[in-house]
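Encoded as structure tokens, the structure appears first; notes follow it.
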Amino acid sequence: MRFFNTEGPNVAEDHYCLPPLERWDLEDILTLIDQKKYFLLHAPRQTGKTTCLLALADYLNREGRYRAVYANIEAAQAARERVEVGMAAVVQTIANGARWSLQDENAQTLARQVLQEQAALVALDGYLAGLGLDWGWLVIFDRRSGQPPIRERTSSEQKQSPQGRRMTVVRA
């Protein structure tokens, strides 16, 4: 039995609502997406913005040309001035969305890997600052079983720390 929803996203099977993808010009939105342009969805509270974005993400995923994830990153606001905490909340929210909407089981693993590397960069940044240095090395050893020989998987890249220091990241 359907009913009128007064908070949170609407689910057409459960709630009375206008078809979300018919509330805007879908072709215009798809053109913007194809052109890799940003667009803003601005409307008062409780008018269906989240419902429309969830429907758009579902449409894009079913179409198969894009992998779309809805992520509400309001949780990052609680971090205030602690950028690394806020970014961790954003990464985890996106990973949760990818796992839920795309059934991507690797999303959580990738999030943990990215967050561990970021934590290492922040720690190294603080250490280098304490030493008065403007560059450093971060070496990450992957000791998981089943990895290719170390000669085949070793790589290095230049990164910039959150405070602008040059870092060479070596993965082995």
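The numbers here are math on the coordinates, done by the rules we state, and not lab data. All figures in this text were calculated on a predicted structure; none of them were measured in a lab. Neighbour counts run over all protein chains shown; Cβ positions are idealised from the backbone, glycine included.
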Convert each backbone phi in region 22-32 into a coupling constant with the Karplus relation 6.51 cos²θ - 1.76 cosθ + 1.60 (shift: θ = phi - 60°), then list the ³J(HN,Hα) values in order as whole Hz, x for Gly and Pro.
9, 7, 9, 7, 4, 4, 5, 5, 5, 5, 4
Using a cut-off of under 18 Å, list every residue of region 110-129 whose amide N is near the label point 7 Å from the Cα of Val85 along the Cα-to-beta-carbon line.
115-116, 118-120, 122-123, 126
With charges set only on the Cβ (+1 for Lys and Arg, -1 for Asp and Glu), what does the dipole of the chain come to about its Cα centre, in debye to the nearest 20?
600
I'm a student and want to see the number: the projected area of the Cα convex hull of the chain, averaged over all directions, in nm².
14.5
May I ask you to derive the FRET efficiency for Asp28 and Arg112 from their Cβ-Cβ distance with R0 = 41 Å, giving the value to the nearest 0.05?
0.60
For Glu7, what charge total do you get from the other residues with a beta carbon under 14 Å from its beta carbon, if Lys and Arg give +1 and Asp and Glu give -1?
+1
In nanometres, the difference between 0.36 nm per residue of separation and the alpha-carbon distance of Glu105 and Tyr127 is 4.5 nm
Residues whose built amide H sits under 5 Å from the amide H of Leu138, excluding neighbours closer than 5 in sequence, are Thr168, Val169, Val170
Please report, to one decimal in angstroms, the Kirkwood hydrodynamic radius of region 93-172 built from all distinct Cα-Cα pairs.
14.3
I'd like to compare 46-59, 116-129: which one has the highest average count of other Cβ atoms within 10 Å, and what's the full order after that?
46-59, 116-129
Give me the net charge of Ala43's neighbourhood, meaning all other residues with Cβ under 11 Å from the Cβ of Ala43; Lys, Arg count +1, Asp, Glu -1.
+3
How big is region 1-68 by the Kirkwood estimate over distinct Cα pairs, in Å?
13.0
Skipping prolines and chain starts, which residues have an amide H placed within reach, meaning under 5 Å, of the one on Asn5, given they are 5 or more residues away or on another chain?
Tyr16
How many percent of DSSP beta bridges within the chain run antiparallel, rounded to 5?
45
Can you give me the Cα centroid spacing of region 18-81 and region 114-172 in angstrom?
35
How large is ³J(HN,Hα) for each residue in region 114-123, as worked out from phi by the Karplus curve 6.51 cos²θ - 1.76 cosθ + 1.60 (θ = phi - 60°), to whole Hz, x for Gly and Pro?
5, 5, 5, 5, 4, 4, 5, 5, 5, 4
